[in-house]
Amino acid sequence: MSLKTQAKVLRALEEQAFERVGGRDTLRVDVRVIAASNRDVVSLIAQGGFREDLFYRLNVIPIEVPPLRTRKEDVPAIVEHFIRVFCAENGKRLKAVAPPALTWFMTYDWPGNVRELRNMVERLVIMVPGDTIGAEDLPPPLRPKAEVATATAPGDGKPLKEARDSFERAYILYELRAQDWNMTRTAERLGIERSHLYRKIRAYGITPPK
């Protein structure tokens with residue numbers, strides 16, 4: 001918002017009153033406001049681009065949503081959700097994401113956050129003819145060209161054990177959700193004993209839904 005508009009919004013919040021564009025009557029309102037920004041508003045205040053008094057008027061209960069690149073363990077669940085949504089919308093059978101493809105989903109930093117991930121899943125659901133989305137189906141920039149992919153390990157610069165544990169946790173969580181948290185079916189899908197699966201769940205701090 002421009003500084004002029006910010007002043008009008010501040011007045012509406014403070015006085016719970018405003019005038020329509022071109023109108024003369026003052027209208028009274030009783031509203032609750034949810035404000036969002038993808039900018040660092042504190043920095044904007046320092047630069048003179050945002051009113052400090054409006055910021056503190058809005059900043060009553062702040063909720064910070066971290067970028068997707070800092071919570072990649074959420075990626076498999078979000079991918080699964082959007083696959084269900086877009087398969088239903090397009091009248092397609094439910095698709096699955098192959099483990100190598102899921103690795104690339106978790107390696108990519110998603111500068112466009114969940115909106116970019118949503119658009120990517122919608123594209124793949126529509127364009128991939130089979131029931132499984134493989135690594136070969138992923139377009140750039142999600143999966144680099146072959147010569148780049150072979151030269152770059154999808155581990156985000158982590159030590160091998162940390163990268164392996166991160167992927168294993170995400171993959172187990174993905175299969176648990178895909179099997180509606182049925183331990184027997186999940187263990188069969190993973191090719192391990194149920195007791196081994198329970199140990200993995202405890203080790204990775206995975207909490208089943210209530």
Response to the item:
Within region 1-15, residues in contact with a strand residue (DSSP E or B) (Cβ under 8 Å, 6 or more places away or on another chain) and either among the small types (Gly, Ala, Ser) or modelled with pLDDT of 95 or more (or both) come out as Ala12
Worksheet, complete the sentence: Output for Cβ contacts, cut-off 6 Å, separation at least six or different chains, first residue under 22 Å from Val41 (Cα atoms) in region 58-85, second at pLDDT below 90 and in a loop (DSSP other than H, G, I, E, B), reads Arg69/Asp109
Discussion item. Report every pair of residues separated by at least 6 positions or lying on different chains whose Cβ atoms are under 9 Å apart, first residue within region 192-206 and touching a residue at least 24 places away in the same chain (Cβ under 8 Å), second among the basic types (Lys, Arg) and not in a loop (DSSP other than H, G, I, E, B).
Written reply: Lys200/Arg169; Tyr204/Arg169; Ile206/Arg169; Ile206/Lys200
Worksheet item: Yes or no: Val85 loosely packed, with under 15 Cβ neighbours inside 10 Å, at pLDDT below 90 and hydrophobic (A, V, I, L, M, F, W, C)?
Response: no
Item to complete: Scan region 1-21 residue by residue and report those that are open to solvent by less than 100 Å² (accessible area, probe 1.4 Å), outside any strand (DSSP E or B) and among the aliphatic types (A, V, I, L, M).
Response: Leu3, Ala7, Val9, Leu10, Ala12, Leu13
Worksheet item: When you go through (1) of a type in the set (Gly, Ala, Ser); (2) assigned to a helix (DSSP H, G or I); (3) open to solvent by less than 40 Å² (accessible area, probe 1.4 Å); (4) within 19 Å of Gln6 (Cα to Cα) one by one for Ser43, which number turns out not to apply?
Response: (3)
Worksheet entry | Subset of region 93-145 that is in contact (Cβ under 8 Å) with a residue 60 or more places away in the chain and in a helix (DSSP H, G or I) - its residue that is least open to solvent (accessible area, probe 1.4 Å) | Leu102
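The values are calculated or read from the model by the stated rules, or taken from the named source; none is laboratory data. Everything quoted here is computed from the prediction, not taken from an experiment. With ideal geometry, Cβ positions are generated from the backbone for all residues, glycine too; neighbour counts draw on all protein chains shown. Accessible surface areas use protein heavy atoms only, side chains included; no ligands, DNA or RNA. Shrake-Rupley method; radii C 1.70, N 1.55, O 1.52, S 1.80 Å.
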